[in-house]
Amino acid sequence: MAVFMAMLALYFFSYFQRVGVPGTIFNELQVEVGLSAVSIAMLGSMFTWIYGAMQIVVGFAADRHGGARAFLVGGALLVAGSFWFPLADAPAAMFAARALTGLGASFMYLSLVKEIARIFGDARFTHWVGVLIGIGYAGGLTGTLPFERLASGFGWRPVLIAIAAAMSLAYIAAFLLLHRFGPEPTAGIPVRLSLLGDVLRDRRCRPLMVTSSIAFPIMFVIQTVLGKKFLQDFGGLASASAATVIMAMSAGNVVCVTLGGVLPQRFGGLRRPWIMLGASSVVAASACLLLGTWLKAPGWVFVLGYLLLSGSAFATPSNLTTIKVVSRPEAVAIAISLSNGLSYLGSGVIGQIGGVILASFRGEASETPSGIVYPHVAYLALSGFLAVLSLVNFYFASRVPETGKAR
């Protein structure tokens, strides 16, 4: 349990790295480093693409060598990349550092899911997965207003160096505790790529894989890449105010994912209602952003949209548990790996498309001392794109089977 808690501490910081960079310092990267909107979106996309692509590999590694061992390998890479990024001056080095950070972070989640299954068993799996994701979202919350305020006062590079130092302490604690208590025994499970085909052919899994590639990515891209920039450009909010809204959204994620792990067990044992609640929240949030942008609505409409988007997290624990239930026992790890991988691959794709949408209106944008301000039509196109995706997500969520038992 002590090793698990130390691992949770590093997972907290790994989520900070996902959220704080690049979205919170979007304008700073444009002004200081001279990066375009597409390049800044690529900083986020590179992280998520590598993270997503590695999930199958990490799933096999955690099965074969144990969650704790896989965690330590990834943790070392994560800490190294986190130190490198704020020390890098050239854009190429910054991209390489983010790639290394994404590679290390890709080991965190699945290694901890493996540990949860081993330590707590099936009976408490949904609850502890909710706790795990809630702790991750709490780490992401610190990457919003707290990071923005610290970066404003001390500079983003010194703050990120200090965060990397804290991460190294959490890693050392996990390493020493693991060395003291010993890693869990492993079965040396062989790699069977045929299981991936089994998951893809399973009709009960397909809707879950589609929703994994849309719902979380929409929320993640708003939270980490484009959301703060949108509020500053279109909503006219100052950097601190925009970061406050993102922080409130992140806090909502923590509350919703935690409740999503607890409430299904308290109210009937069914999972599908919580999955549909999450999908409905994404539709409502996207409608707020689209209609608000189209009608040039007051700022509170966009704040409401961001808070509604937090509701997507209600579905996360039930999604994961449903994947675990509908998959064959030997295919559970690969199914969870695929779902998590698609979430981050989807984040990279949607984030990059969002960056391209903004960049396509570069000729109509205006330059200010604090960064480039994109026009109304750019954000209308972006909101329309997200609204279409939300409807696709809702359709596939409605196709997810009920796997719980009403009590």
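Where a number appears in this text, it was derived from the coordinates with a stated rule and is not lab data. This structure is a prediction, so every number in the text was calculated from the model and none was measured. Here the Cβ positions follow ideal geometry from the backbone for every residue, glycine too, while neighbour counts run over all protein chains shown.
Structural remarks
- Qualifying residue in region 8-19 (condition: surrounded by 21 or more Cβ atoms within 10 Å (Cβ to Cβ) and of a type in the set (D, E, K, R)): yes
- Within region 304-318, the residues that satisfy the criterion of being under 20 Å from the mean Cα position of the chain (by Cα) and under 24 Å from Ala378 (Cα atoms) are Gly305, Tyr306, Leu307, Leu308, Leu309, Ser310.
- The set of residues in region 58-95 being surrounded by fewer than 20 Cβ atoms within 10 Å (Cβ to Cβ) and free of Cβ contacts under 8 Å to residues at least 40 places away in the same chain consists of Val73, Leu77, Ala80, Trp84, Ala88, Asp89, Ala90, Ala92, Ala93.
- Residue within region 275-294 that is within 23 Å of Ile50 (Cα to Cα), among the β-branched types (Val, Ile, Thr) and surrounded by fewer than 22 Cβ atoms within 10 Å (Cβ to Cβ) present: no
- Selection status of Glu367, over 17 Å from Pro217 (Cβ atoms), acidic (Asp, Glu) and without any contact (Cβ under 8 Å) to a residue 60 or more places away in the chain: yes
- Subset of region 104-144 that is assigned to a helix (DSSP H, G or I) and of a type in the set (Ser, Thr, Tyr) - its residue that is nearest to Asp63 (Cα to Cα): Ser111
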